[in-house]
Every structure is written in structure tokens, then in C-alpha cells.
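*Asks:* Okay, handing you the structure first.
The values are calculated or read from the model by the stated rules, or taken from the named source; none is laboratory data. Nothing here was measured: the structure is a model prediction, and the numbers come from that model. All Cβ positions, glycine included, derive from the backbone under ideal geometry; neighbour counts span all protein chains shown. Ligands, DNA and RNA are stripped out before the accessible areas are found, and what is left, the full protein with its side chains, is counted by its heavy atoms. Shrake-Rupley method; radii C 1.70, N 1.55, O 1.52, S 1.80 Å.
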Amino acid sequence: MADRYFNPFQGIDIHVPVQFHDAFGRYSQREAGAVIDQSPFPRMVDLWFMAVCVAARLNLEPEEISRYETRKIIEETFATGETLKDKLNSMQDAGNELREGVISLREKVDANQKRVADQIGG
């Protein structure tokens, strides 16, 4: 089964004119709680690909992109992904540190229980 979030364009720098970049953000589900009726595209690249398909269907000629100030649409996704990855790694490290403390406390409790049981029984 194909990965739902596979992006065959992830290795390509996709630039859009700055004047349209906000629309790409608005119509893609970039934020938690995005409403599908207002943001029907899961990712910016999905909106971009639909635009390419519509342009091909209408036999539109490509624009000379160098005439416009542009922004990348995929780079932001990876930056967000890297940030999330770093935060998750930090949380995992903190969890591992807490785990060691819990194990140490559990060992002390077990030792105390054994000592009390030995005193009562002996």
C-alpha cells in the first residue's frame, strides 16, 4: 500500500510567487485543527500539484519564475518536521532519565519491603 504522505517532489525546490504563498498556507492543512472545508489540501505540495495539473489541462504556458520574488513551499515543512523531531527526541531523553529514577526508586522500595518482611518473619 502506498504511503499516504509520500512526496515524490521532496527533493525538488518548489518555488511559488510570494503573492501566492499565503494562499498555499491558507488552503493546506498546515495547522492542527484545520477545517477541511476551508483547507482542503493536506499539504502545500498537494495544492501545487493540482495547480500544475489544471495548468496542463488548460494548455497554459509556464511563466518565467525568475521575474517574481518567490518562496519555497516544501522547505518549511521539513523545518517544522526537524523541529518536531528535535522536540520528540528531547522528550524521549527526558522520559528515559525519569525511567532510570523510577527504576531506582522501585529497587529501593523492593529492598525496604524485603528488609521489613525479614524483620517481621525473623
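*Asks:* How charged is the neighbourhood of VAL102? Take every other residue with its Cβ under 13 Å from the Cβ of VAL102, and add Lys/Arg as +1 and Asp/Glu as -1.
*Replies:* Working: positive: ARG99, ARG106, LYS108; negative: GLU97, GLU100, GLU107, ASP110.
Counting the neighbours of VAL102, the net charge comes to -1.
*Asks:* Tell me, what is the FRET efficiency for VAL52 and LYS72 to the nearest 0.05, using R0 = 22 angstrom and their Cβ-Cβ distance as r?
*Replies:* 0.90
*Asks:* If you don't mind, another one. Ignoring ligands, DNA and RNA, what accessible area per residue does the chain give at 1.4 Å, in Å²?
*Replies:* On a per-residue basis, 83 Å².
*Asks:* Pull up all non-local amide H partners of ARG71: gap of 5 or more, or a different chain, and H-to-H distance under 5 Å with H placed in the peptide plane.
*Replies:* Close amide H contacts, sequence-distant or interchain: VAL16, VAL18.
*Asks:* With a 10 Å radius around each residue's Cβ, average the other Cβ atoms per peptide and rank 100-112, 13-25, 56-68, highest first.
*Replies:* Output ranking for 100-112, 13-25, 56-68: 13-25, 100-112, 56-68.
*Asks:* Counting only protein heavy atoms and using a 1.4 Å probe, what share of the accessible area of the chain belongs to carbon plus sulfur, as a whole percent?
*Replies:* 56
*Asks:* Quick check: residue separation of ALA23 and VAL102 times 0.36 nm, minus the Cα distance between them. What number comes out in nm?
*Replies:* Details: separation 79, 0.36 × 79 = 28.44 nm, distance 4.90 nm.
Gain in length upon complete extension: 23.5 nm.
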